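Undergrad: Structure provided below as structure tokens; questions to follow.
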Amino acid sequence: MDNRKYNIYFNTHTISGIIICAILYVMFFAGSFSFFKDDLASWQKNESYVSHKGKITKDFNFILDSLSRHHTLKGRDVDFTIQRHSVGAYVAMSTSHDPVVQKMNKPKKKPEAKRGGGRGRRGDEDSAFFTYNFSQKKEADYASSYTIGEFLYRLHFLAQLNQVFPFRIGVPFGYMLAGIISFIFLFALITGLLLHWDKLRSNFFTFRPWSKWKTVWTDLHTVLGVIGFPFQLVFALTGIILIFNSFFIIPYTKLFYQGNEEKIYQDLGYGVKAEYPYANKPLMASFDINGLVSQVQQQWQKSDISMVAIRNYGDENMHVIVQAKAHTDAQLNGEGEIIYRVRDQKFISESSPLEMPSYIQTVKGFIYHLHFGDFGGRPLRVIYFVLGIMGCLVINSGVMIWLVARDKKNIPARKRTFNFWTANVYLSSSLSLLPVTAFTMISLLFLEKPGQSDIYHWYFYPWLILSVYFLVRKDLDLVNRQSTFLSAVTCFLLPVLDGIVRGNWFWNTFSRQAYDILFIDVLFLILSLMSGFVLWKIVQKQRLQPSEETSKNKVGQMSHA
């Protein structure tokens, strides 16, 4: 490679990487833990989804009876969207299509919008949206059923920024920023591969952990970056598509659907596509939704029910739509749907989830499965987690290479000071994430029914305090040592306190087959041991190279005075 191309690739890769490093680290870190979203939810609620799987009866009739005590159900659409772990469901009830019920429930004044997207028990104009737990047979709103798994999942695409910056530019601000970061990350990946292409074969297995720090960071960045390149490329591409699909859809919506977004999403396979007019005649036939769902589940044994939708409840034109997704080992992208007409008790349409999927189902499922890693069970999610954490290490090593390369005597003091503070801000905020995550989960052990606001407070405030503490110390070696030490301690305390406070010792969770709770405790124990090992290596290396290496990480301190 000639010098001109090398310099172009080097500068574009370095600049794009430095611009996005802090936010990209948060996305990779939170995204890695998001692979265990359901396990984290089980751990927080101390309710094993794994041990309950296949043993919980989904009583839809009970939910409808509960709704009927507060609402006139006639003419309403009711959707039950089954959660991925199958223990709960999101229940959405529309306003009634019946003119008499509409007139009876017409609000005198427009209700105030609820914070958090209006996910309360009662929605606008006599509609409702809430979460229902089948095992506990009770409902809860979104905020009270919020978990640390949901928090980290939404953090990985910066959803919390939507509340800080409520304005929209086509999409909410947090989603837009996450999409831009993903796009720049894709650019950094490609330029990085081109930069290291010539030395890829000769230096692929080169790693010199006992050399000076610059060599260690360079080898770590190159080796892990190349090994994780396919994984990172997949996540950059799928992340861009999943986040920016709203931008992509807008032109097609206006051109072919006259601005009807609901219609285009139905054609893309989201929700119920068919529409059923309200007949305004009472339904004479009897109906048991539990029996229908059980019958469909028996018919499609290698699949899971994903949605049960009722249209025009109690009307002569009442229909029930049951959707299911095939198990990935049976059909990777399989989606099925049965449409049942209640008045004559006939199935008027049926497509099995085990049939060959359509083009839209294949593309949509392929992108989704690649991004969420849900097609290979827990072993694949563990591999995804390890590769995600490797991405964090690649980002860290890249920042350290950038800093060390610019810590030279021929660089002006003000530039060296700026470089130091750039690295200081990044490392202080990023290396705080693991101990803060473990600390927040420990705090949840001592809170009674923690909700969304509790998780926000116990996560963001400690993160801010610890980051500011590291910033004012102005010592990157200290940040590295103390963050690793705090990670080792907090990650170790988490399974220990879970055993003391709730009795979830490893042998207890194993004996009652609560493998999801056991997995989280074991995961943090392993993270603790790894952090302890890394801390021991850091201290050992600094004893071998005490003065020269540590002084470089305090660059610019004479200018701070």
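The values are calculated or read from the model by the stated rules, or taken from the named source; none is laboratory data. Predicted model only: the values in this text are computed from it and were never measured. Because the Cβ atoms are built from the backbone with ideal geometry, glycine has one as well, and the counts that use them run over all protein chains shown. SASA here: full protein model, heavy atoms, side chains in, ligands and nucleic acids out. Shrake-Rupley method; radii C 1.70, N 1.55, O 1.52, S 1.80 Å.
Undergrad: Report the net charge of residues surrounding Ser51, where surrounding means a beta-carbon distance below 12 angstrom and charges are Lys +1, Arg +1, Asp -1, Glu -1.
TA: Result for the local shell: +1.
Undergrad: So what are the ³J(HN,Hα) numbers for the range 126-133, from phi and the Karplus equation (6.51, -1.76, 1.60; θ = phi - 60°), rounded to whole Hz, Gly and Pro as x?
TA: Result, rounded to whole Hz: 6, 8, 8, 8, 7, 9, 10, 9.
Undergrad: Subtracting the Cα-Cα distance from 0.36 nm times the residue separation, let me have the gained length for Leu464 to Ile15 in nm, one decimal.
TA: Value of the extension gain: 159.0 nm.
Undergrad: Follow-up. Relative to a virtual label point 7 Å from the Cα of Tyr257 in the Cα→beta-carbon direction, which members of the range 150-175 show backbone nitrogen distances below 19 Å?
TA: Only 169-172 fall inside the zone, counting backbone N under 19 Å.
Undergrad: Leaving out ligands and nucleic acids, note down the accessible area per residue over the range 427-551 with a 1.4 angstrom probe, in whole Å².
TA: 48
Undergrad: Ratio of Rg to Rh for the range 1-70, alpha carbon only, Kirkwood?
TA: That ratio equals 1.43.
Undergrad: Take the Cα coordinates of the chain, assign each an equal point scatterer, and use the Debye formula without solvent to give log10 I(q)/I(0) at q = 0.05 Å⁻¹.
TA: -0.26
Undergrad: Over the chain, what percent of the accessible surface lies on carbon and sulfur atoms, probe 1.4 Å?
TA: 61
Undergrad: Next question, about the same structure. What order, most packed first, do the peptides 155-161, 66-72, 504-510 have when packing is the mean number of other Cβ atoms within 10 Å of each residue?
TA: On the way: 155-161: 19.7, 66-72: 14.1, 504-510: 16.6.
By packing density, highest mean first, the sequence is 155-161, 504-510, 66-72.
Undergrad: With unit charges on the beta carbon (Lys/Arg positive, Asp/Glu negative), name the residue among Tyr49, Leu370, Ala514 whose Cα is farthest towards the positive pole of the charge dipole of the chain.
TA: Leu370
Undergrad: If R₀ is 30 angstrom, what is the calculated FRET efficiency for the pair Val501 and His327, using the beta carbon separation as r and rounding to 0.05?
TA: Numbers: r = 36 Å, r/R0 = 1.20.
It comes out at approximately 0.25.
Undergrad: Under the rule of -39500 (n - 2.57) per DSSP H run of 4 or more residues, summed and divided by the residues of the chain, what mean residue ellipticity at 222 nm is obtained, to the nearest 500 deg cm²/dmol?
TA: One gets -19000 deg cm²/dmol as the mean residue ellipticity at 222 nm.
Undergrad: Which value in nm describes the separation of the simple spin-label points at Ser66 and Phe366, placed 7 Å from the Cα toward the beta carbon?
TA: According to this spin-label approximation, the distance is 4.1 nm.
Undergrad: Can I ask one more? Using the alpha-carbon centroid of each, what span in Å lies between the range 254-300 and the range 399-440?
TA: 54
Undergrad: Further question on the same structure: Only helices at least 18 Å long along their own axis, judged from Cα atoms, and with Kyte-Doolittle mean hydropathy of 0.5 or greater: name those in the chain from DSSP H.
TA: 3-34, 173-196, 213-227, 229-256, 377-405, 433-445, 476-502, 515-544
Undergrad: Next question. At 0.36 nm per residue, and after removing the present C-alpha to C-alpha distance, how many nm does the segment from Asn290 to Trp536 gain when stretched out fully?
TA: Separation in residues times 0.36 nm, less the Cα-Cα distance, equals 82.7 nm.
Undergrad: Considering only protein heavy atoms, what is the solvent-accessible area of Leu268 at a probe of 1.4 Å, reported in Å² to the nearest 10?
TA: The value for Leu268 is about 60 Å².
Undergrad: Per residue of the range 344-357, what does 6.51 cos²θ - 1.76 cosθ + 1.60 with θ = phi - 60° give for ³J(HN,Hα)? Whole Hz please, x for Gly and Pro, Karplus curve as stated.
TA: So the J values, rounded to whole Hz, are 10, 6, 10, 8, 8, 7, 8, 9, 6, x, 8, 6, 4, x.
Undergrad: Can you give the FRET efficiency to the nearest 0.05 for Ile169 and Arg512, using r as the Cβ-Cβ distance and R₀ = 45 Å?
TA: The computed FRET efficiency comes out at 0.35.
Undergrad: Provide the gained length on full extension for the span Asn3 to Lys281, in nm with one decimal, where the gain is 0.36 nm per separating residue minus the Cα-Cα distance.
TA: Working: separation 278, 0.36 × 278 = 100.08 nm, distance 7.92 nm.
Stretched out fully, the Asn3 to Lys281 stretch lengthens by 92.2 nm.
Undergrad: Between the range 464-489 and the range 305-376, what's the alpha-carbon centroid distance in Å?
TA: So the separation of the two Cα centres works out to 49 Å.
Undergrad: Run the dipole for the chain about the Cα centre, Lys and Arg Cβ at +1, Asp and Glu Cβ at -1, nothing else charged, and hand back the magnitude in debye, nearest 20.
TA: Here the size comes out at about 1800 debye.
Undergrad: Leaving ligands, DNA and RNA out of it, rank Met176, Met104 by accessible area with a 1.4 Å probe, largest first.
TA: Reading off the accessible areas and sorting them downward yields Met104, Met176.
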